[in-house]
Amino acid sequence: MIVRPRRLRRTSTIRRMVKETFIRVDDLIFPIFVKHGKGEREPIPSMVGHYRLSVDELVKEAEDVWSLGIPAMILFGLPKAKNEMGSEAYAQDGIVQKAVTAIKDRVPKMVVLTDVCLCQYTDHGHCGIIKDGQIDNDTTLEILSRIALSHAQAGADFVAPSDMMDGRIRVIRETLEREGFNDTGILAYAVKYASSFYGPFREAADCAPQFGDRKSYQMDPANAREAIKEALIDIEEGADIIMIKPALPYLDIIHQVRANTHLPVAAYNVSGEYAMVKAADQKGWIEGTAVMMEMLLSIKRAGADLILTYFAKDAAKVLNKGENIYTES
Ligand code: PBG
C-alpha cells in the first residue's frame with residue numbers, strides 16, 4: 001500500500017481544513033518615516049510605495065493604516081539637524097515626539113511604537129556616543145533612556161530600542177518606572193544582526209555610519225547561540241516583546257528564540273527584504289504579491305507572533321479580501 005499524503009491536498013476545502021499556519025492583520029506592524037515640514041510626501045526610491053512624510057501627512061496615513069485593520073505602527077524620525085550627541089532624538093519638540101502626539105490625537109486606539117536609537121540623529125551615523133573613536137556603551141545608555149522617556153511622555157505605547165548597547169533595556173525600564181510610565185512597554189530589538197539587508201533603510205533614514213561599521217554592537221550573522229543569550233538578557237532586563245532582525249535570512253533564529261523563550265516574538269522583515277521583492281516584481285521576474293504572502297507566512301511558521309513589515313498595507317489588503325493567494329491560484 002502506498003502512503004498518500006496527497007489525499008489531504010486534493011481540494012481547496014480540504015487544504016483549508018488542514019492548514020497549520022495563518023497570517024492575521026493583527027500580526028502586522030507598519031514602519032513609517034516622519035520628517036519636519038508640511039504637506040510633505042517624499043518618495044523613497046529604493047522602497048517603492050514608501051515615503052518620508054511630514055506629520056500632517058503621517059496622520060492621514062495612520063488613518064489609512066487603521067482603516068485596513070492594522071493595529072500598530074513604528075515610527076522612525078528624520079531630524080532637522082544632526083550633531084555629535086544626537087540631541088534632537090530626545091528633544092521634547094523632536095520629530096518623533098510630535099508625530100506620536102499627533103497620531104494619538106487622531107487615531108487614539110492605534111498602538112504607536114517608536115524606534116529608540118541615535119544613528120539618524122548623530123552626525124557620525126553610529127547608534128552610540130563616540131569617545132576616543134570608540135562607541136561608549138555606558139554614556140550611550142543615559143542618552144537612550146532620555147530618548148525613551150521623551151517618547152513615553154509624548155504618548156508612545158511601546159519604545160523599541162534598536163541600538164544593541166549592553167544594558168539598555170534595564171536602564172530604560174528603570175527610567176520609565178521612576179518617571180511613572182509603568183504602562184509604557186518595551187519591544188527590544190534583542191537579536192539584531194549586522195546585516196547588509198538594511199541598505200534601503202539607511203538611505204531612507206540617512207543613517208549610514210560615516211566611518212567603520214556596526215559590527216562592534218550588532219551581531220555576527222554566523223552566530224545562533226548568541227541569539228538565545230541576547231534574548232534571555234533582554235527578557236531578564238524587562239522587555240515585554242523581543243524581536244529578531246532581519247527576518248527571512250534568520251528564520252532558524254526566530255524558531256530557536258521562540259522555542260527557548262515565552263514572551264511574544266516579533267520579527268523585522270527589513271528594508272532589503274522588501275526592496276528585493278518589489279524590484280523583481282517590477283521586472284516581471286516574480287509574482288510580487290504571492291511572494292510577499294509566502295514570505296510573511298514563512299516568518300510566522302518559523303515562530304514569529306508579530307511582523308514589522310513594509311508590506312503591512314499590501315498584505316492587509318490581501319487578507320481583508322479573505323483570499324489565500326499563496327496556496328490557491
Ligand atoms: C536604526 C535602525 C536600522 C533599522 C531599524 N532601525 C538601521 C541599522 O541598524 O543600520 C533597519 C530597518 C530596515 O532595514 O528596514 N538602528
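The values are calculated or read from the model by the stated rules, or taken from the named source; none is laboratory data. Predicted, not measured: the structure shown is a model, and the values here were computed from it. A quick note on method: Cβ atoms are made from the backbone with ideal geometry, for glycine too, and the neighbour counts reach across all protein chains shown. These area figures cover heavy atoms from the full protein model, side chains too; ligands, DNA and RNA do not enter into them. Shrake-Rupley method; radii C 1.70, N 1.55, O 1.52, S 1.80 Å.
Observations
- Flag if ARG214 is part of a loop (DSSP other than H, G, I, E, B), out of contact with any helix residue (DSSP H, G or I) (no Cβ under 7 Å at 6 or more places or on another chain) and within 9 Å of the ligand (Cβ to nearest atom): yes
- Qualifying residue in the range 250-259 (condition: more than 16 Å from the ligand (Cβ to nearest atom), within 14 Å of the chain's Cα centre (by Cα) and touching a residue at least 24 places away in the same chain (Cβ under 8 Å)): no
- Scanning the range 234-275 for residues that are open to solvent by less than 40 Å² (accessible area, probe 1.4 Å), among the small types (Gly, Ala, Ser) and more than 19 Å from GLY167 (Cα to Cα) yields ALA247, ALA266, ALA267, SER271, GLY272, ALA275.
- Residue in the range 266-283 that is away from the ligand (no atom under 16 Å from the Cβ), of a type outside the set (A, V, I, L, M, F, W, C) and part of a helix (DSSP H, G or I) present: yes
- Put simply, of ALA190, ALA231 the only residue that is assigned to a helix (DSSP H, G or I), modelled with pLDDT of 95 or more, more than 9 Å from the ligand (Cβ to nearest atom) and open to solvent by less than 30 Å² (accessible area, probe 1.4 Å) is ALA231.
- Within the range 284-311, considering residues that are part of a loop (DSSP other than H, G, I, E, B), surrounded by fewer than 21 Cβ atoms within 10 Å (Cβ to Cβ) and among the small types (Gly, Ala, Ser), the one nearest to the ligand (Cβ to nearest atom): GLY303
- Going through (1) in contact with a helix residue (DSSP H, G or I) (Cβ under 7 Å, 6 or more places away or on another chain); (2) crowded, with 16+ Cβ neighbours inside 10 Å; (3) at pLDDT below 95 one by one, THR122 falls short only on (1).
- Count of the range 100-131 residues which are closer than 18 Å to GLY212 by Cα and of a type in the set (Asp, Glu): 1
- The strands (runs of 3 or more DSSP E) falling completely within the range 41-143 that include 3 or more residues that are over 21 Å from the mean Cα position of the chain (by Cα) map to 129-131, 134-136.
- Hey, GLU328 open to solvent by 20 Å² or more (accessible area, probe 1.4 Å) and either within 19 Å of SER195 (Cα to Cα) or at pLDDT below 95 (or both) or not: yes
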